[in-house]
Amino acid sequence: MSGSFKQLGAVQSHRLEGSTLSLAFGGPVLAITTLTDQIMRVRLAPTGSFAPRRSWAVAAPDEEFPGAAAQVAHEGGVITLRTAALAAHVDTATGALRFTTADGRAFCADEVGAEWQDGGGQVRCAKQIAAGEHFYGFGERTGQLDKRGQLLSNWTTDQYRYGPCTDPLYIAIPTFMALRPGLAYGVFFNNTWRSSFDVGAARAGALQIWAEGGELDYYVVYGPRPEAVSQGLAQILGTMPLPPRWALGYHQSRWSYGSDAETRQLAEQFRSRQIPLDAIHLDIDYMRGYRDFTWNDEAFPDPAALVADLRRAGVRVVPIIDAGVKADPEYGVFIDGSERDMFLRRADGEVFHGYVWPDDSVFADFLRPEVRAWWGQQQRPLAELGIGGIWNDMNEPTVFDLPFSQGGGLPHTIDLDAPQGPAGEQTTHAEVHNLYGSNMAQASYQGMRMVSDERPFVLTRSGFAGVQRWSACWMGDNCSRWEHMEMTMPQLMNMGLSGVPFVGTDIGGFYDNATGELFARWMQLGALVPFARGHSTAGTARHEPWAFGPEVEAICREYLALRYRLMPYLYSLFWEASQRGTPVMRPLLYHFPDDTATYGIHDQFMLGPWLLAAPVYHADQRCRHVYLPEGTWHDWWTGEVTSGPAHILAQAPLERMPLYVRGGAIVASGPASLHAHEGPLAALTLDIYPGDGEWTHYDDDGISFAYERGECSTTRYRVGRTPQGLRFEAQPRQGSYRVPPRPLTLRFHGAAAQGGGYDAATQVLTVERRDDGQPFQLDIALA
């Protein structure tokens, strides 16, 4: 610690310049900037002047925001900055800050205002926790969905075999969403140093935020609903690029599929067993002595033929690339990187060396743009082979205390005083440690874009806020245990609320051996999460879908087939996420924020707005409690209708995961498939359920960047109740992407008999049409 803490005192003066209100405190300055009607940024300059800030996580500088018409008032000892949607109020005697909605509801109010250490060091503040307020997001976390009462650290860390109480983990995202009935808001703490959120752990009524260095700098996003908070955070941190359609399929991985023959046999097994598959991931043993960007010539004698043959079968190859580069004077990447000064140095100026899989290793300084460009070019030989993407690992970054060849050891990281960054803008690893994984992912994504005309798929284990702009994320080295399967749901939902939609966990668990029952239940869950990959470690039993016998294999086949039939629905959700930052996998509270019964539900989720899944995550369980919020809910399997809000006991034999469709839903699906096809969807089915709703279906070629040039199309469908029954409308297709006319099947659930397409047993009316992009309208009588 460098000194005692100081606080703001009385406001000496204030002025509004453009969209920023500056308040002077006789030295320190507090600045509040209106970025939109619903977003404000708060910054503290203890010395009175703001140092130039590098936008490491923020997608756009303040001046690129649309701004907002803001007014300042000074009355009753309070200075107020007001937009149409919210206001910031500063107490002139203490500098305490609070926000209010347009109708006067207070939120994100200081309990203890901005504080800083005399002479530099820690910064901190404390916010009041309102009665009935709950907190979500915070990036990658273990435990339950609601984080009230928790102490959470932001420091990217290799936590192999982590458990339900482990903190921190591999990904650090200092954002959160707060919710109470009628009001939701979000906060992004724009500070890359080691930091923490104390969400009422030390003091039940206070949310404390602090960091070991840097500025007190945070953004406040007002909802009032969760969807608006997600969209506001996306304006700050950016959105994911639309992935290739195949990346939404099933991925199979293991440490390791160690040879050409084993990899080919794996793909052949999936195809012969009629189990869908789109990608095989190759772990570190495909390399020559763990050297990045190389192949083990003995085990993989012709990687070009392997990649090409698998691709013809609809299977992409995704190789792992680790952060540590082997320090080998005969290894081309090490030689070239050393000559170009691409690697991190210690504080004494010598190149930093550490132990990872290749033993003695060096690490690229990804904070420097020229290093990211250089790293991206190292991917060219892999890209020219036709690989599907890049899997980044060990990029927290992890350093062992012993060589791997001698058993490895406990992971730690790069020296905190190691300098990083471009000349003239250098800082130390202590400030940018949390950014290492994001910057490596950025190098991988941008590099693949430079050397391929196909959308890259990048997967990373570590990252910081904004990592979604470059990469999908998985939650690291979990275990084959029921509690880890249960933890998957809140982990992924909180990642989505933190702005990162393309997420998953290792289906079946990475460490230990799954039972057949556990694997079957995990596959039922995994088939509906954004990123679906099975993965397991060396020395464990095999975790392929057929490894547990015919019954489990059949369950895996059925649920992966369901995922592939739902690909049009899923792909449209990813398009929405790329446009607005909305999660793909959502907690119930996202769509029912005024229903407090949803606030603590961590073991059910919404896939988009229409499907509600309630996975089974206990051994020998053949039924489970399910909460259905307000509205009408249709059992996916039986068609049985339940009116919510309702608590029900759902039957769940091993082959069934409780799954429900919300009234008013329009659920898009396609033909059965063993891999995600490129190009136009051959046929489209819409399952339509009574109620009021709409759905925008998205189309493009599924693989190229043409969609960024506008070569995409959308079709909006609407359904609504009428006095006679139900009206369905298809609006004209919009956009320049030309979808060839295709069969369109409309399945109206709960319909009355209306012709030869009616199934009296299920009360489903099937209408066949030709989907040519033209508008039409249908009126349906309900049973």
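Report whether or not Arg481 is in contact with a Gly (Cβ under 8 Å, 6 or more places away or on another chain), over 19 Å from Thr156 (Cα atoms), touching a residue at least 12 places away in the same chain (Cβ under 8 Å) and open to solvent by 10 Å² or more (accessible area, probe 1.4 Å). If you could, list the steps in order and put the result at the bottom.
Details: in contact with a Gly (Cβ under 8 Å, 6 or more places away or on another chain): yes; over 19 Å from Thr156 (Cα atoms): yes; touching a residue at least 12 places away in the same chain (Cβ under 8 Å): yes; open to solvent by 10 Å² or more (accessible area, probe 1.4 Å): yes.
The answer is yes for Arg481.
Of the numbered criteria (1) modelled with pLDDT under 95; (2) among the acidic types (Asp, Glu); (3) open to solvent by less than 60 Å² (accessible area, probe 1.4 Å), the one Glu678 fails is (3).
Limited to the range 680-696, what total is found for residues that are in contact (Cβ under 8 Å) with a residue 40 or more places away in the chain and in a loop (DSSP other than H, G, I, E, B)? Break it down into steps so the answer makes sense when it comes.
We begin by selecting, within the range 680-696, every residue in contact (Cβ under 8 Å) with a residue 40 or more places away in the chain; these are 680-691, 693, 695-696.
Okay, now just the ones that are also in a loop (DSSP other than H, G, I, E, B), so 680-683, 689-691.
Residues meeting the conditions: 7.
With the condition kept exactly as written, say whether any residue in the range 691-704 is at pLDDT 95 or above, farther than 24 Å from Ser578 by Cα and in contact with a His (Cβ under 6 Å, 6 or more places away or on another chain). For the range 691-704, residues at pLDDT 95 or above, farther than 24 Å from Ser578 by Cα and in contact with a His (Cβ under 6 Å, 6 or more places away or on another chain): absent.
So for the range 636-649 (the condition being modelled with pLDDT of 95 or more and in contact with a helix residue (DSSP H, G or I) (Cβ under 8 Å, 6 or more places away or on another chain)), does at least one residue qualify? Checked the range 636-649: at least one residue is modelled with pLDDT of 95 or more and in contact with a helix residue (DSSP H, G or I) (Cβ under 8 Å, 6 or more places away or on another chain). For the range 333-361, taking the residues that are part of a helix (DSSP H, G or I) and touching a strand residue (DSSP E or B) at 6+ places or on another chain (Cβ under 9 Å), the one that is surrounded by the fewest Cβ atoms within 10 Å (Cβ to Cβ) is identified as Ser338. Restricting the range 164-197 to residues that are without any contact (Cβ under 8 Å) to a residue 40 or more places away in the chain and of a type outside the set (Ser, Thr, Tyr), the residue that is nearest to Gly466 (Cα to Cα) is Phe189. Residues in the range 594-619 that are in contact with a helix residue (DSSP H, G or I) (Cβ under 9 Å, 6 or more places away or on another chain) and open to solvent by less than 10 Å² (accessible area, probe 1.4 Å): Thr598, Tyr599, Gln604, Phe605, Met606, Leu607, Gly608, Leu611, Leu612, Ala613, Pro615, Val616. Considering the range 247-279, and only residues there that are of a type in the set (Gly, Ala, Ser) and free of Cβ contacts under 8 Å to residues at least 12 places away in the same chain, the residue that is least open to solvent (accessible area, probe 1.4 Å) turns out to be Ala261. Screening His677 against (1) touching a residue at least 24 places away in the same chain (Cβ under 8 Å); (2) not in a loop (DSSP other than H, G, I, E, B) leaves a single unmet condition, (2). The residues in the range 738-760 that are over 34 Å from the mean Cα position of the chain (by Cα), crowded, with 16+ Cβ neighbours inside 10 Å and either within 30 Å of Gly710 (Cβ to Cβ) or small (Gly, Ala, Ser) (or both) can be counted, and the count is 3.
The set of residues from the range 624-641 being touching a residue at least 12 places away in the same chain (Cβ under 8 Å), open to solvent by 50 Å² or more (accessible area, probe 1.4 Å) and not aromatic (Phe, Trp, Tyr) comprises His625, Glu630, Val641.
In the range 116-127, the residue that is modelled with the lowest pLDDT out of those that are open to solvent by less than 20 Å² (accessible area, probe 1.4 Å) and more than 17 Å from Ile32 (Cβ to Cβ) is Gln117. With respect to (1) closer than 19 Å to Val500 by Cβ; (2) charged (D, E, K, R); (3) in a helix (DSSP H, G or I), the lone exception for Arg533 is condition (3). Selection of the range 642-674 for residues being farther than 30 Å from Ile280 by Cβ, in a loop (DSSP other than H, G, I, E, B) and open to solvent by 10 Å² or more (accessible area, probe 1.4 Å) yields Pro653, Gly663. Restricting the first member to the range 358-375 and to residues that are at positive phi, and the second to residues that are open to solvent by 30 Å² or more (accessible area, probe 1.4 Å), the beta-carbon pairs closer than 9 Å and six or more apart or on different chains are Asp359/Tyr290; Asp359/Lys326; Asp359/Phe404; Asp359/Ser405; Asp359/Gln406. Entry remark, the range 295-309: residues being open to solvent by 10 Å² or more (accessible area, probe 1.4 Å) and assigned to a helix (DSSP H, G or I) number 5 in total.
The values are calculated or read from the model by the stated rules, or taken from the named source; none is laboratory data. Keep in mind that what you see is a predicted model, and the values were worked out from it rather than measured. All Cβ positions, even for glycine, are placed from backbone atoms using ideal geometry, and neighbour counts span all protein chains on display. Just so you know, the surface numbers come from the protein's heavy atoms only, side chains and all, with ligands and any DNA or RNA stripped out. Shrake-Rupley method; radii C 1.70, N 1.55, O 1.52, S 1.80 Å.
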